[in-house]
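Worksheet: one structure, shown below.
Taken together, the values in this text are just the output of simple stated rules run on the coordinates, not laboratory data. The structure displayed is predicted, hence computed values, not measured ones. Here the Cβ is made from the backbone with ideal geometry for all residues, glycine too, and neighbour counts use every protein chain on show.
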Amino acid sequence: MKHFVGMNRAIFAAVSLLATLASCQSSKVKITGRFVGSQADMVYLEQVGTLEHSVIDSIKLGEDGGFALKIDNGTTTPTLYNVIYDNERIPLLLKAGDRVTLRAAGSVLRNYTVEGALESELLREFNKSYIEGAIKLNDAVSRYTAADIDEKQREEIAREYTQIYRDIKRNQLRFIVEHKDRIAAVYALRQRLPNDAYLFNGDSDVIYYRTVAEAIEQSYPDSPYLPILRSQIARMDAQISLLSQVKQTNFPEIEMPDMYGKEIKLSSLEGKVILLHFWSAAIGNGNAVNADLKKIYEKYHDRGFEIYQVAVDTSKAAWINAVQEQQLPWISVSDLLGESSPALGVYNIGKLPSNYLIDRSGNIVAKDLAGDKLDAEIQKNI
């Protein structure tokens, strides 16, 4: 009997060990493939965050162009990664247990194939049509700006550009509706055109975000992209509301509390040259950017220049500590909603830091300037 009990314990221990090993294996993601037709010899795997991207693996191509990358702790729902090769990014949606194969010859983004992960295969389907459309748009812009065409030709190219844009949006809308319960649809909603404008960012587009969010709630209720969708819907709703409040100024109003709780309106600075600056105390590049801004602020503040700086943070302590440690002399505000702040949607902020320069008449005259270019534009408008 003791021998039987001991044997049972041994079997149980072995089964437990196998289960543990299987669990560890199932959380891993493996990406293998072969790239040929380029002089580049390194492949990188990048994890895509909301505001920051980070390289988590890399490898040198083998003599035959082969490579293998891995993710040790994959998520239970598909998460966005990029495989980077020759300065091009292949987007992949990967979850724990995926075994993916990539192949490409020449330009990887145009020619790659992917197998082993349904969401990544859907991204490839989306990208094929999207990239073809973007190339056509770029070509139209190049021809429009050529010096050797007349006004009639420019009008024809402008009509062509408009038609290409409509075709892109129609094709991608079809993809989104057909695959609304897939994370690939979330990716499609957030794509930008070559001119850095979101494809789906108009007031009427909120219906597509709602459609996808409702479907994702059923298919991937624990997806980290679901709160992002909800935040975007809230931003777009707020944008509609805020834009309706624009009266005598040419820019959307923002009203947020400073570190002492005092509500400060952006419009209260009307008549000055204003730099509306979005940043985050949680992102490491803020110190250097603020150091450059302090030099500009000291140079022009007495001549009617002001900075209205919005901290895209959720921690009041981190924000206040950053302001005090860096001794920032300008207006610093935050609604402490982080990426859910309606102001990000109103001003179409997709990266941090970002800024807008507003002249004395309330006109937005520049976007995302820094250093000498920002200095020159302020000098021109002061």
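In this structure, the pairs whose alpha-carbon distance is over 26 Å, taken from LYS95/LYS128; LYS272/LYS316; LYS294/LYS380, are LYS272/LYS316.
Amide H to amide H, with H built 1.01 Å from N, THR76 comes under 5 Å of ALA96, counting only residues 5 or more places away or on other chains. Taken about its Cα centre, the chain carries a charge dipole of roughly 820 debye when the Cβ of each Lys and Arg holds +1 and the Cβ of each Asp and Glu holds -1.
Shape verdict for region 39-134, please, from the Cα gyration tensor: rounded (a/c under 1.5), prolate (a/b greater than b/c) or oblate. Judged from the Cα gyration tensor, region 39-134 comes out rounded (a/c under 1.5). Cross-link partners for LYS60 among the lysines, with Cα-Cα distance under 18 Å and sequence neighbours closer than 8 places in the same chain left out: LYS30, LYS70. Amide H contacts of LEU369 (H built 1.01 Å from N, in plane; Pro and chain starts excluded): ASN355 sit under 5 Å, all sequence-distant by 5 or more or on other chains. Residues whose amide H falls under 5 Å from that of GLY33, counting only those 5 or more places apart or on a different chain, are PHE67, LEU102, with hydrogens built in the peptide plane.
Please report the net charge: other residues with Cβ closer than 12 Å to the Cβ of LYS295, K and R +1, D and E -1. Don't skip to the end; give the middle numbers.
Values: positive: LYS294, LYS299; negative: ASP292, GLU298, ASP372, ASP375.
Here the count lands on -2.
For the chain, DSSP calls about 70 percent of its internal beta bridges antiparallel.
The residues neighbouring ILE382, those whose beta-carbon lies less than 10 Å from its own, together hold a net charge of +3 under the Lys/Arg +1, Asp/Glu -1 convention.
Neighbours of VAL29 by Cβ distance under 11 Å: Lys/Arg scored +1, Asp/Glu scored -1, total +2.
For LYS152, the aspartates and glutamates whose Cα comes closer than 19 Å to its Cα, not counting residues fewer than 8 places off in the same chain, are ASP139, GLU160.
With θ taken as phi - 60° and the Karplus curve 6.51 cos²θ - 1.76 cosθ + 1.60 applied, the whole-hertz 3J(HN,Hα) list for region 76-86 is 6, 10, x, 10, 7, 9, 10, 9, 9, 8, 6 Hz, x standing for glycine and proline. Of the trypsin sites (Lys or Arg not before Pro) in region 295-364, the ones in a loop by DSSP (not H, G, I, E or B) with at most 11 other beta carbons within 10 Å are LYS351.
With charges only on Cβ, +1 for K and R and -1 for D and E, what is the dipole size of region 126-243 about its Cα centre, in debye, rounded to 20? Walk me through the intermediate numbers first.
Details: 17 positive and 18 negative charges, 43 e Å.
Dipole size: approximately 200 debye.
What the phi angles of region 207-221 give under the Karplus curve with 6.51, -1.76 and 1.60, with θ = phi - 60°, is a coupling list of 5, 6, 5, 5, 4, 5, 4, 5, 6, 5, 4, 8, 7, 9, x Hz, glycine and proline written as x. Residues in region 30-42 carry Karplus couplings, in order, of 10, 10, 10, x, 8, 10, 9, x, 9, 7, 5, 10, 10 Hz; the curve used is 6.51 cos²θ - 1.76 cosθ + 1.60 with θ = phi - 60°, and Gly or Pro positions show x.
Return ILE56, ILE358 ranked ascending by Cβ neighbour count within 10 Å, so the fewest neighbours appear first.
ILE56, ILE358
Any chance you could give the angle, 0 to 90 degrees and rounded to 10, that helix 286-300 forms with the longest Cα principal axis of the chain? Its long axis makes an angle of about 0 degrees.
Of the chymotrypsin sites (Phe, Trp or Tyr not before Pro) found in region 241-344, those in coil by DSSP whose Cβ has at most 13 other Cβ atoms within 10 Å are TYR260.
Selection among LEU369, VAL177, ALA282 by position relative to the dipole of the chain gives VAL177 as farthest towards the positive end (Cβ unit charges, Cα centre).
Residues SER219, SER120, arranged from fewest to most other Cβ atoms within 10 angstrom of their Cβ, appear as SER219, SER120. Considering only SER142, ALA318, TYR187, the residue lying farthest towards the positive end of the dipole of the chain is TYR187, judged by Cα position with unit charges set on Cβ.
The alpha carbon centroids of region 113-150 and region 311-382 are separated by 32 Å.
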